[in-house]
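One structure is given below, encoded as C-alpha cells.
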Amino acid sequence: MAKDTISVTDNRTGKTYELPIENGTIRAMDLRQIKVDKEDFGLMTYDPSLGNTASCKSAITFIDGDKGILRYRGYPIDQLAEKSTYLETAYLIVKGELPNREHLDAWTYNITMHTMLHENTKKFMEGFRYDAHPMGMLVGTVAALSTFYPDAKDIHDIECRRLQVRRLIGKMPTIAAYAYRYSLGLPYVQPDNELTYCGNFLSMLFRMTERNYKPNPVLERALEVLFILHADHEQNCSANAMRAVGSSRVDPYSATAAAAAALYGPLHGGANEEAVNMLQEIGSADKIPAFIKSVKAGERKLMGFGHRVYKNYDPRAKIIKKIAYEVFEVTGRNPLIDVAVELERIALEDEYFISRKLYPNVDFYSGIIYQALGFPASLFPVLFAIPRTSGWLAQWAENVIDPDQKITRPRQIFTGEAERSYVPIETRPAPQTLERKLLRGRL
Ligand code: SDX
C-alpha cells in the first residue's frame, strides 16, 4: 500500500529522510532536519513570489486554473452570477453558506446601516489634490478609518470582527462615490437606504438634482454581476497582503488598506484601467498587428491577458464579455469592444500567446463596461476593490482563527557582503570607484 510520504536522499551526506505528504504538499519545516552537520541551519525552500507555495489552508474559494473553474464556497461562479446578488454572495463568502431569507434580510439591514461616513472623513478626503487618483484616496481613507474605530483592534472577539466586516462592506461604496464626486467638484450624495447595495452606489455616484434617484435596472444588474465576479479569488496578491498584514494582529481597516494598495498595482487590479487605456491607444482593429508585434518583442504587455493560475479562459471574462452587450443595449455600443474582440481573436491564434497559455482575464473586458456605464478609467480599480472587500475580510478572518497561522515572516537567501569593519570617511574609496559600485544595480 503506497504511503503518503516522500523519501529524500541528501547526496551531500547520503542520508535519506521520509517526509509526510498532506493535501499534495510537504511542510517546508520538515526540510529543516536535512543538514550537512549540526551547525547547519537546515534546508529551506526558495520560492520567489510564492508561485509554488501553499501559504494557508482555505475553504473560501476554489480555482482550477487548467479547467477554468471558479467556485465560492463550492458554488460555481456562473450560477452565482446568474442567480445571486452581491450582498448574498458576500454573505456566502464571509459566512460560508447561502443565507436563508431572515439572515439575508438581517445581513442587508446591518450593512445598510453602516453606509454613512463620519463627517471628518470628508474633511480628510478633501485634503487630497483635486486630481488625486481615486484608488490612492481609497487606500488612504480606508487606513484612516482605523482611527475612527479604535475598538476594531480587538480582532479575537467575533462580534468585534463581525461589526468591522459590516462597516467595511457598507462604507467602501460611499468612500468610492465621495472620491468620484470630489474629483468632479460635485456635492456628496448621502446613502439612500431604500435602494439596493449597487443601486445606492449608483445613486451616490450619479444622482444630481432629482428628488429620488432610480437606477436603470439593466445597469444596476450589470454592476451587481460584476461585483459578484470580483468578490474573491483565493490567494491573489491582495488577499496575500491582507493575510500577511493581518497576521501582525493589526486592525482590519489597516489590513484592508494594505490589500487595496496591492490591488492598485497594474499587474493586479489596476490592470482594468491599463487595459482600457491600451485599447484606446490601439484605437482601431487595423492597428492591432503592430501592437501585437510590440508585445511579442517584449516592449509591453497585453493588459487584461494572462494569469498566474488560469492557464485557460478566465471564467469571469466569459461572463463579463456577455454582460457588455446587455449594457450596450442601454448605454449604446462602446466601440472599444470591437478592438477588444479582434485583439482577443488575433492573440488566441498567435503562438506567442498560445505557448504561454495567455487568455483574457477578469480585467480585459470589465473596463469596457465600466466606461460604457460612465465611469472614468481611474475609478476602475476602485470598482474592483469595493466587491473584493468581502473576499479580503473572509480571508483575513480565516487567517485570524487558523491555529496553523502565526505572524508572517519569510526567510531569505543572503547575497550581501560578508562581515567587514567600519571605514573612516577619510579613507573611503574615491567617488568614481564608489559610483561604479553603487551603479552595479545596488540602489
Ligand atoms: C488579476 O491572482 C489573481 O487571482 C488575480 C486576479 C484576482 O481576481 O485577484 O485574477 C485579478 O490581477 C488578474 C491579472 C490582471 N493583470 C493583467 O492583466 C496584467 C497583464 N498580465 C501579466 O502581467 C501577467 O499575466 C500576470 C501578472 C497576470 C501573471 O503573471 P505571471 O504568472 O507572473 O506570469 P509571467 O509574468 O511569468 O508570464 C509568463 C510568460 C512571460 O513570458 P516569457 O518570460 O516566458 O517569455 O508570459 C508572458 C511573460 O512575459 N506574459 C505576457 C503577459 N502575461 C504574461 N506577455 C504579454 N502580455 C501579458 N499580459
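The values are calculated or read from the model by the stated rules, or taken from the named source; none is laboratory data. Note that the structure is a prediction, hence the values are computed from the model and not measured. Please note: Cβ atoms are built from the backbone with ideal geometry, for glycine as well, and neighbour counts cover all protein chains shown. SASA here: full protein model, heavy atoms, side chains in, ligands and nucleic acids out. Shrake-Rupley method; radii C 1.70, N 1.55, O 1.52, S 1.80 Å.
Go through the range 297-318 residue by residue and tally those that are near the ligand (Cβ under 8 Å from one of its atoms) and either β-branched (Val, Ile, Thr) or surrounded by fewer than 18 Cβ atoms within 10 Å (Cβ to Cβ) (or both). Steps first, answer last, please.
As a first pass, look at the range 297-318 and keep what is near the ligand (Cβ under 8 Å from one of its atoms): 298, 300-310, 314, 316.
Filter once more, so that each one left must be either β-branched (Val, Ile, Thr) or surrounded by fewer than 18 Cβ atoms within 10 Å (Cβ to Cβ) (or both): 298, 300-301, 308-309.
Number satisfying all stated conditions: 5.
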Within the range 332-350, the count of residues that are more than 11 Å from the ligand (Cβ to nearest atom), in contact with a strand residue (DSSP E or B) (Cβ under 7 Å, 6 or more places away or on another chain) and of a type in the set (Gly, Ala, Ser) comes to 0
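Quick one: is Phe353 over 27 Å from Ala257 (Cβ atoms) and either under 17 Å from the mean Cα position of the chain (by Cα) or within 16 Å of the ligand (Cβ to nearest atom) (or both)?
On the way: over 27 Å from Ala257 (Cβ atoms): yes; either under 17 Å from the mean Cα position of the chain (by Cα) or within 16 Å of the ligand (Cβ to nearest atom) (or both): yes.
For Phe353, the condition - over 27 Å from Ala257 (Cβ atoms) and either under 17 Å from the mean Cα position of the chain (by Cα) or within 16 Å of the ligand (Cβ to nearest atom) (or both) - is met.
From Val362, Val400, grab the single residue that is in contact with a helix residue (DSSP H, G or I) (Cβ under 9 Å, 6 or more places away or on another chain), aliphatic (A, V, I, L, M) and within 16 Å of the ligand (Cβ to nearest atom). Let's see the steps before the verdict.
Details: Val400 fails: within 16 Å of the ligand (Cβ to nearest atom).
None of the other options fit; the residue is Val362.
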What are the pairs, 6+ residues apart or on separate chains, where a residue within the range 95-109 that is closer than 20 Å to Gly74 by Cα has its Cβ under 8 Å from a residue that is exposed (fewer than 14 other Cβ atoms within 10 Å of the Cβ) and not β-branched (Val, Ile, Thr)?
Gly96/Ala59
Filter result (touching a Pro at 6+ places or on another chain (Cβ under 9 Å) and not in a loop (DSSP other than H, G, I, E, B)) within the range 9-38
Asp30
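Going by the conditions given, is Glu234 assigned by TED's automatic domain parsing to the domain that holds Ser146, touching a residue at least 60 places away in the same chain (Cβ under 8 Å), acidic (Asp, Glu) and part of a loop (DSSP other than H, G, I, E, B)? Steps first, answer last, please.
On the way: assigned by TED's automatic domain parsing to the domain that holds Ser146: yes; touching a residue at least 60 places away in the same chain (Cβ under 8 Å): yes; acidic (Asp, Glu): yes; part of a loop (DSSP other than H, G, I, E, B): yes.
Against the criterion (assigned by TED's automatic domain parsing to the domain that holds Ser146, touching a residue at least 60 places away in the same chain (Cβ under 8 Å), acidic (Asp, Glu) and part of a loop (DSSP other than H, G, I, E, B)), Glu234 qualifies.
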Could you please give the count of residues in the range 260-293 that are open to solvent by less than 20 Å² (accessible area, probe 1.4 Å) and either under 30 Å from Met172 (Cβ atoms) or near the ligand (Cβ under 10 Å from one of its atoms) (or both)?
11
What number of residues in the range 350-360 are within 17 Å of Leu229 (Cβ to Cβ) and either of a type in the set (Asp, Glu) or surrounded by fewer than 24 Cβ atoms within 10 Å (Cβ to Cβ) (or both)?
1
Quick one: which residue in Asp10, Asp40, Asp47, Asp4 is under 30 Å from Met242 (Cα atoms) and not β-branched (Val, Ile, Thr)?
Asp47
Could you figure out which of (1) open to solvent by 10 Å² or more (accessible area, probe 1.4 Å); (2) modelled with pLDDT of 95 or more; (3) within 16 Å of the ligand (Cβ to nearest atom) isn't true of Asp232?
(1)
